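Structure, as structure tokens:
Where a number appears in this text, it was derived from the coordinates with a stated rule and is not lab data. Every value quoted in this text rests on a predicted model; they were computed, and no experiment measured them. Positions of Cβ are generated from backbone atoms using ideal geometry, with glycine treated the same way; all protein chains shown enter the neighbour counts.
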Amino acid sequence: MKKVAITTLGCKTNQFESAAMIEQLEKAGYRVVPFGEPSDIYIINSCTVTARTDAETRRLIRRARRTNPQARIVATGCYAQVAPGDLERMPELDSVLGNREKQEIVALLESVSHQVSDISVKSEGEPLKLTSFAEHTRAFLQAQNGCNSFCAYCIVPYARGRSRSVKAEEVLEGVRELAKNGYQEVVLTGIHLGAYGLDLIPASSLSGLVRQIDGQRLVPRLRIGSVEPNEISQELLELMASSDIICPHLHLPLQSGCDSVLGRMGRHYSTGFFRDLITRITAVLPDVFIGADLIAGFPGESQAEFHDTVNLLEELPFSDLHVFPYSSRPGTKAAGMPGHLAAQIIKERASILREIAERKKAAFLERFIDREVHVLVQGYNPKTLQCNGLSRNYIEVHFSGSAEMVNREQTVRILGCDGKNCSGEPVFQCL
């Protein structure tokens, strides 16, 4: 039995696709081992959002070759898709496969040739099949792929192709299968999830898909992945508020809190729109977890523009922020823009934004002290007798419990928080 090891960089879509490839390989008779162990084959599922992730892919390829000089080493994913020539020139690498080729990973894994098909011509969603996930309580499910936005800083539309939705019946079947296999929570993922259904005939929407999952109660907990701010409909918010399976958790790619920077980025909303959106969200979902993405130091960002972002963040009730220092990506519009900032300025601005993120998260968590939350128990440590898990609104909670609680939803009273997660005690219902 040949051994294969996979490592994954980047987004939840890549994580889903790695899990699906693992399932294909195990069915074909391969034994999957951790990436750091000796293996016959290594697969690097790459990301190309920044030059740094490209460099990390190359580092992992070299690491795999050192671990086993006789192994077969394969690169796939977004870096492989947009810059296959860069990887083909690496002497440590045996094969480059594009994103489309993940569908046929078993057949292509030991091929002697590089294969990267033109993903821009793909017009239909072709989801990788997945019935299990490495994590035993929560699973990701790909409902959409690709993106039509072409934001100035982003290479993803070239790596993933145009927006393509998985047919609703296939998504529903995927959720149903994961629930049947014991998963208590399914996370809907996509590159541009808010565009779900616009390319289908007849056209549909993310709200319509979520309504079907909710109406059929296919899984105990449903979580929605990242959605563009201008694609959060009032219908979706009201559906989340009325549902007892949809988790009150939204992740919004804000990117900047300054209108002029948003315009240069090619983002299709204003800070006024975003401010109003947050007001509408919290009106119907008062305990919602709101996360956001931010880019620090976009080309031409002045000190005044940066302060606009800081002021907006301070004003709004975010629960967490993912801060990305701007990194020039060849092939994007932003790479050719004037006014690229010095690395030290970008680093300083990212540090300021991360400090705001820490304060926002701590303030959000403290709101729940002395309150009860519903926690999906993900693990148990027999040495400490502690369970850990996630609340519906994305709070990590630790509490005294037992192994029997794993993969069950447990009511927990929050007793304290340390700024990153919370501790509590289980609450048991009297019969």
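General observations
- Here the stretch 138-366 is treated with +1 on each Lys and Arg Cβ and -1 on each Asp and Glu Cβ, and its dipole about the Cα centre works out to around 620 debye.
- Comparing His114, His307, Thr189 along the charge dipole axis of the chain, the residue lying farthest to the positive side is His114, per the Cβ-charge model.
- About the centre of its Cα atoms, the chain shows a dipole size close to 900 debye [charges on the beta carbon of Lys, Arg (+1) and Asp, Glu (-1) only; nearest 20 debye].
- Evaluated at q = 0.09, 0.11 Å⁻¹: base-10 log I(q)/I(0), Debye formula over Cα of the stretch 138-366: -0.40, -0.59
- Cα shape, the stretch 3-117, gyration tensor, a/c 1.5 rule: rounded
- If the segment from Asn181 to Val33 were pulled out straight at 0.36 nm per residue, it would be longer than the present Cα-Cα gap by 51.1 nm.
- The Kirkwood hydrodynamic radius of the stretch 372-426, based on inverse pair distances between different Cα atoms, is 10.6 Å.
- Exposure proxy ranking, count of Cβ atoms within 10 Å, fewest first, for Ser117, Ser205: Ser117, Ser205
- When Glu238, Glu37, Glu231 are arranged by Cβ crowding within 10 Å, least crowded first, meaning fewest neighbours, the order is Glu37, Glu238, Glu231.
- For the stretch 308-357, a Kirkwood radius taken over Cα pairs fed into Stokes-Einstein (4 °C, viscosity 1.567 mPa s) yields D = 104 µm²/s.
- Which listed pairs, of Lys360/Lys420; Lys361/Lys383; Lys27/Lys102, have C-alpha distances above 19 Å, in listed order: Lys361/Lys383
- With the convex hull drawn around the C-alpha atoms of the chain, the volume per residue stands at 159 Å³.
- Taking the charge dipole of the stretch 138-366 about its Cα centre, with +1 at Lys and Arg Cβ atoms and -1 at Asp and Glu Cβ atoms, the residue from Ala241, Ala357, Asn145 reaching farthest to the positive side is Asn145.
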